[in-house]
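**Q** Sending over a structure as structure tokens; questions will come in a sec.
The values are calculated or read from the model by the stated rules, or taken from the named source; none is laboratory data. Values in this document were obtained by computation on a predicted structure and should not be read as measured data. Glycine gets a Cβ as well: all are built from the backbone with ideal geometry, and neighbour counts include every protein chain shown. Calculation scope for accessible area: heavy atoms of the full protein, side chains included, ligands and nucleic acids excluded. Shrake-Rupley method; radii C 1.70, N 1.55, O 1.52, S 1.80 Å.
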Amino acid sequence: MKKFLLVLSFAATCVLNTNAQEVYKEILNISEKAANDKTKDIETRKIATFKVDELKYMVMKTRELMPDTTVNAIDRQAYAMYDFINLYMKKLGEAKTKKNKDVVLDIFKTASVQNPWFNDMDLELVESYIRNEGYITKFSLDTNWIKAIEQARTELRKKGL
């Protein structure tokens, strides 16, 4: 019985690890479809475009600067980015006043900027969404999303949001 449970546990771990390696690809696939879907509203397509650009930047920089980084690390960052944007959109939707919307934007933008992953000095590139008035996702491409979402959640709690 112990051997059976051990084998079952090992098999489950292998399945979970295989599925974990698909997180990045799945988020990229979903985001690319949404970005190219002309039946979706423009804001949804712009948010999806940010996700696509971020995921591609993340992999490019990881390969360039951290070639030994595991797929699992990229998947965790991709999922944290996905979670970060979803939480941002939820909190933005819950904010009833312009002042509260500005507070939410500032919390998330600051968390993104203050938590770089690569320390990329090409500010024109990494801040391209921050500087573009046409996008609601005013975040840095060079973000450690795991740290950024932790910071955003902490700040939201402090502000009672």
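**Q** Taking region 31-48 as the search range and keeping residues that are of a type in the set (S, T, N, Q) and open to solvent by 50 Å² or more (accessible area, probe 1.4 Å), which one is farthest from GLY93 (Cα to Cα)? Full working, then the answer.
**A** From region 31-48, those of a type in the set (S, T, N, Q) are 31, 36, 39, 44; that's our starting set.
Next, from what is left, pick out any that are open to solvent by 50 Å² or more (accessible area, probe 1.4 Å): 36, 39, 44.
Working: ASN36: 24, THR39: 22, THR44: 14 Å.
Here the residue is ASN36.
**Q** Here's another thing I want to ask about it. Looking at (1) over 22 Å from ASN132 (Cβ atoms); (2) assigned to a loop (DSSP other than H, G, I, E, B); (3) at pLDDT 90 or above, find the lone condition where THR62 falls short.
**A** So the condition that THR62 fails would be (2).
**Q** I would also like to ask the following. Please specify each residue of region 73-92 satisfying the condition of being farther than 22 Å from ARG131 by Cα and out of contact with any Phe, Trp or Tyr (no Cβ under 7 Å at 6 or more places or on another chain).
**A** Step one: of region 73-92, the residues farther than 22 Å from ARG131 by Cα are 73-80, 83, 90.
Of everything in region 73-92, those that are farther than 22 Å from ARG131 by Cα and out of contact with any Phe, Trp or Tyr (no Cβ under 7 Å at 6 or more places or on another chain) turn out to be ALA73, ARG76, TYR79, ASP83, LYS90.
**Q** Output the residue which, of all residues in region 74-103 that are small (Gly, Ala, Ser) and more than 17 Å from LEU141 (Cβ to Cβ), is farthest from the chain's Cα centre (by Cα).
**A** Residues of region 74-103 small (Gly, Ala, Ser): 78, 80, 93, 95.
With more than 17 Å from LEU141 (Cβ to Cβ) added as a condition, the list becomes 93, 95.
Numbers: GLY93: 18, ALA95: 21 Å.
Among them, the one singled out is ALA95.
**Q** Taking region 105-156 as the region of interest, how many residues are closer than 21 Å to TYR79 by Cβ and part of a helix (DSSP H, G or I)?
**A** 20
**Q** Please pick out the residue among ASP53, ASP68 that is open to solvent by 20 Å² or more (accessible area, probe 1.4 Å), within 16 Å of the chain's Cα centre (by Cα) and among the acidic types (Asp, Glu). Please lay out each step first, then the result.
**A** On the way: ASP68 fails: within 16 Å of the chain's Cα centre (by Cα).
Answer to the selection: ASP53.
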